[in-house]
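The values are calculated or read from the model by the stated rules, or taken from the named source; none is laboratory data. All figures in this text were calculated on a predicted structure; none of them were measured in a lab. Cβ atoms come from the backbone with ideal geometry, glycine included; neighbour counts cover every protein chain shown.
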Amino acid sequence: MRLYRTTLGPYVEQDGRAYRVAGHSWDGLVTSEDLHGLLESVVERAEPAKDFESAQIVAPVESQDVWAAGVTYYRSRSARMEESKDAGGGSFYDRVYVAERPELFFKSPARDVVGHLAAVRIRRDAKWSVPEPELTLLINHQGRIVGYTAGNDMSSRDIEGENPLYLPQAKVYEGSCALGPCVLVDSSLLPATTTIDFKIVRDGQVEFGGTTTLAELKREPALLAEYLFRENKFPAGCFLMTGTGIVPPDSFTLRSGDEVQITIDGIGTLVNWVG
Ligand code: DO4
Ligand code: MG
């Protein structure tokens with residue numbers, strides 16, 4: 001079951017039919033006792049909606065801030081070590097990859113998250129920028145994973161590589177976080193075969209493409225959520241990006257006009273343009 005937030009309100013989609021989820025705010029849905037059960041009863045009782053096609057999909061966020069995990073795939077560890085080797089930061093990434101405690105960082109306030117078909121941004125003072133395609137967890141106020149979406153953790157690799165202490169500037173800026181197009185409402189663990197497919201299209205051609213699966217993700221999503229909730233409260237729930245397993249070659253940097261496509265099994269494709 002896929003949950004969309006739109007300009008006309010929330011819709012749930014199942015087997016190619018969309019149903020209006022009337023009488024619930026987005027925050028109310030995220031914090032409901034049984035989101036899956038609530039949506040099941042909508043699908044059973046409501047008539048399929050005729051206006052879903054005319055609704056504009058927006059980011060699946062009302063009051064949910066976004067956090068992110070880092071260095072959760074071997075590919076990310078290696079890319080980080082390479083970019084920061086002149087700054088002496090290389091060993092931090094190797095150490096966090098094998099450590100019990102994960103790297104977690106604040107990524108975006110709810111108000112700055114952009115949705116499907118919206119523009120993401122490159123920092124004006126960055127010279128080396130990449131999108132990061134990440135499975136993203138929707139976690140409710142009780143710390144329980146209630147769904148999954150696709151996320152783009154836009155990153156400035158030159159700033160991050162210059163000094164690991166610059167991470168918040170490399171990661172947190174206007175237009176740096178995209179989520180969508182919907183939330184796959186499912187509390188169970190996604191299968192290890194779940195594929196994340198990533199394309200960057202420039203002037204109509206695929207400039208870079210890559211694929212990974214959740215079998216490469218070193219950390220259990222539930223454990224990442226547990227660490228985040230250990231000493232934090234999220235009364236409206238939150239999102240947690242689970243890290244990137246696909247990194248373009250070091251010669252690649254994003255340009256304005258590039259299109260970023262992130263496809264995750266069961267969720268669909270999040271498309272954004274670089275503004
Ligand atoms: O440690 C830096 C950030 C890493 C990250 O964003 C990722 O691995 O996805
Ligand atoms: Mg990332």
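Residues that are within 21 Å of residue 134 (Cα to Cα) and touching a residue at least 24 places away in the same chain (Cβ under 8 Å): find the strands (runs of 3 or more DSSP E) completely inside the range 1-98 holding 2 or more of those.
Numbers: elements: 2-6, 9-14, 17-20, 66-70.
Per the criteria, 2-6, 66-70.
Taking the range 162-179 as the range and being touching a residue at least 60 places away in the same chain (Cβ under 8 Å) and either more than 10 Å from ligand 1 (Cβ to nearest atom) or of a type in the set (Lys, Arg) (or both) as the test, the residues that pass are 162, 163, 168, 171, 172, 174, 175, 176, 177, 178, 179. Contact map, the range 123-134: residues that are in contact (Cβ under 8 Å) with a residue 12 or more places away in the chain paired with residues that are away from ligand 2 (no atom under 15 Å from the Cβ) and among the aliphatic types (A, V, I, L, M), Cβ distance under 9 Å, separation 6+ or inter-chain. Pairs shown: 129/122; 129/274; 130/200; 131/200; 131/274.
Residues in the range 122-143 that are among the basic types (Lys, Arg) and more than 16 Å from ligand 2 (Cβ to nearest atom) were compared, and the one that is surrounded by the fewest Cβ atoms within 10 Å (Cβ to Cβ) is 124.
Of the set (1) within 17 Å of residue 246 (Cα to Cα); (2) within 12 Å of the chain's Cα centre (by Cα); (3) within 11 Å of ligand 1 (Cβ to nearest atom), all apply to residue 93 but (2).
Of the helices (runs of 4 or more DSSP H) lying entirely inside the range 153-242, those containing at least 2 residues that are within 15 Å of the chain's Cα centre (by Cα) and either modelled with pLDDT of 95 or more or away from ligand 2 (no atom under 16 Å from the Cβ) (or both) span 221-229. Among all residues of the range 106-115, there is at least one that is in contact (Cβ under 8 Å) with a residue 24 or more places away in the chain, surrounded by fewer than 17 Cβ atoms within 10 Å (Cβ to Cβ), in a strand (DSSP E or B) and within 14 Å of ligand 1 (Cβ to nearest atom).
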